[in-house]
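Read the structure below first, then the notes.
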Amino acid sequence: MRIWDINPGYLNDMSLLKENLVLHDLCSIAINNEISSSNHPEAKRWIEFIGALNKRHELIIAEMDFRGLKHYSQIEKNDNNIIWPSKFVDEPFRQFEILYDKYNNKSSGRIPLPISAQNLWSQHKYSVMARDVNECKKIGRHVSVMRPDQNFSDLSRDLVDIIRTRPSIGGIRNSLQHMWGYFKNSHSITNINSLDLYSLLSHIQKYSHSNRYILESTALSELRVWI
């Protein structure tokens, strides 16, 4: 039983389905006030963070929906009190290592597992932009001077923490507009500013398969749960 902390886009279809089942089990245990009786590390880690547990489930479902994977998940959305656990069973960088071994000679997720800080950053850029443009620029400058072979464990954890925070509506629109810039010359939309955020994201998802950079962005599914 494992709940990953890295973006669901890195998980292959089977891992997504498995985590979805685990989340259902833990949420059911939590509802019945039985989570404290479990000795599993994940149950202990999430005992006081049920709101975040539900949000992780929303992220999983958003990724499954984007891939067209069937599910019968209905967990009540509650964004009033989302506090995430500060501890990990495995640090995010280690989670990437685990998946490298797990997916050896197997299908991987929508987002390729990162091989460098630059690679990891390009995948998270628009998620961070939606939260804080200045922080996006700061991280971009920092990553630009890192060596391709340099350890990116700290960056991995920082990015997990950043995209757990709620983006503003304006931040989401700004990020989506930047993403749409990769398609605006190929697909005609009279006035993109007239679209609501859900419609704008849906258009980007629709055309994302024609642009690898956007297809491999964490923002492509995770921003949906904040709209």
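Here are a few things to note about the model shown:
- When each of 120, 53 is tested for being in contact with a Phe, Trp or Tyr (Cβ under 6 Å, 6 or more places away or on another chain) and within 19 Å of residue 219 (Cβ to Cβ), the lone residue that passes is 120.
- Residues satisfying the stated conditions in the stretch 128-147, i.e. surrounded by 15 or more Cβ atoms within 10 Å (Cβ to Cβ) and either among the basic types (Lys, Arg) or not in a helix (DSSP H, G or I) (or both): 131, 132, 146
- Test: residue in the stretch 133-154 that is under 16 Å from the mean Cα position of the chain (by Cα) and either on the phi > 0 side of the Ramachandran plot or among the aliphatic types (A, V, I, L, M) (or both): no
- Among (1) among the polar types (S, T, N, Q); (2) under 18 Å from residue 63 (Cα atoms); (3) surrounded by fewer than 16 Cβ atoms within 10 Å (Cβ to Cβ), the one test that residue 205 misses: (3)
- Residue list for the stretch 185-227, restricted to those being in a helix (DSSP H, G or I) and in contact with a His (Cβ under 7 Å, 6 or more places away or on another chain): 207, 215
- Checking the stretch 167-184 against the condition returns no match, with no residue being under 15 Å from the mean Cα position of the chain (by Cα), assigned to a loop (DSSP other than H, G, I, E, B) and in contact (Cβ under 8 Å) with a residue 60 or more places away in the chain.
- Pairing residues of the stretch 122-149 that are closer than 20 Å to residue 226 by Cα with residues that are of a type in the set (Lys, Arg), at Cβ distances under 7 Å and at least 6 apart in sequence or on separate chains, gives 136/125.
We did not get these values from a lab; they are worked out from the coordinates using the rules stated. Predicted, not measured: the structure shown is a model, and the values here were computed from it. Glycine gets a Cβ as well: all are built from the backbone with ideal geometry, and neighbour counts include every protein chain shown.
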